[in-house]
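Encoded as structure tokens, the structure appears first; notes follow it.
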Amino acid sequence: MRLGFLASHNGSNMQAIIDACRAGRLAASPVVVISNNADSGALQRARNEGIPCYHLSGRTHPDPEDLDREIVDVLLKHDVNLTLLAGYMKKVGPVTLATFPGHVLNIHPGLLPDYGGPGMYGRRVHEAVLAAGARTTGATVHVVDAIYDNGPVLAVRETAVQKSDTVETLARRVLALEHALYTETISRIICGEIRLS
Ligand code: GAR
């Protein structure tokens, strides 16, 4: 399994998966990292790990169609067969989705379908969870389709919301769940327990 990553910021989910590959806990190779943010932690982590990495964004490719095609070209060039969004804050283009149908995954810091969709990312999810007085929150891994946070759910991990929770404590706890859940989900895909269409 050759893994490609799309990440916008810190890249801690990506790092958790890379670590699992390096430690032999995941029969997969991280082969390329793409970020829309030239200064992202994700690109720095890729450089530290010696993984080929690219900054591809509206700055490098002002035409969205060109950008979409370039992302596909890079993923194909590195023979990627599973693309993982890891804190990627951009919509995946139609050419990418058509080239890798059912093989682009995302992790979301909430329990979909609640607290998902446009504008629902990062700490905003935890703010909404607290504002709604939800009893549980968690992380969801799903297949990416043309609509934000909409594709089939592959795996979920929950945690109870405590009265004392703040956005920061929830963000920390859910992120730790994400690291374990994303890695385990890929492992279940590799061993055939979860089948991608
Ligand atoms: C993670 O919590 C991830 O679920 C979230 O961004 C964070 C990235 O952290 N993604 C979304 O909100 C996408 N809707 P990381 O860069 O440290 O992996």
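Structure summary
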item: Residues Asp79, Asp145, sorted so that the one with the fewest Cβ neighbours within 10 Å comes first; result: Asp79, Asp145
item: Rg/Rh (Cα only; Kirkwood hydrodynamic radius) as it applies to the range 20-101; result: 0.96
item: Nearest-20 debye value, the chain charge dipole, Cβ charges on Lys, Arg, Asp, Glu; result: 460 debye
item: Along the chain, longest interval not containing exposed trypsin sites (Lys or Arg not before Pro), exposed being DSSP loop plus at most 15 other Cβ atoms within 10 Å; result: 92-134
item: Cubic angstrom per residue, convex hull over Cα atoms of the chain; result: 111 Å³
item: Gap separating the Cα centres of the range 17-72 and the range 94-115, nearest whole Å; result: 17 Å
item: Evaluated at q = 0.11, 0.13, 0.22 Å⁻¹: base-10 log I(q)/I(0), Debye formula over Cα of the range 82-197; result: -0.35, -0.48, -1.22
item: Qualifying GluC sites (Glu not before Pro) in the range 34-127, DSSP loop, other Cβ atoms within 10 Å at most 15; result: none
item: Longest to shortest principal axis, alpha-carbon extents of the range 132-197, angstrom; result: 41, 25, 16
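Taken together, the values in this text are just the output of simple stated rules run on the coordinates, not laboratory data. Quick caveat, the model's predicted, so the values are computed rather than measured. Note that we place each Cβ from the backbone using ideal geometry, even for glycine, and neighbour counts take in every protein chain shown.
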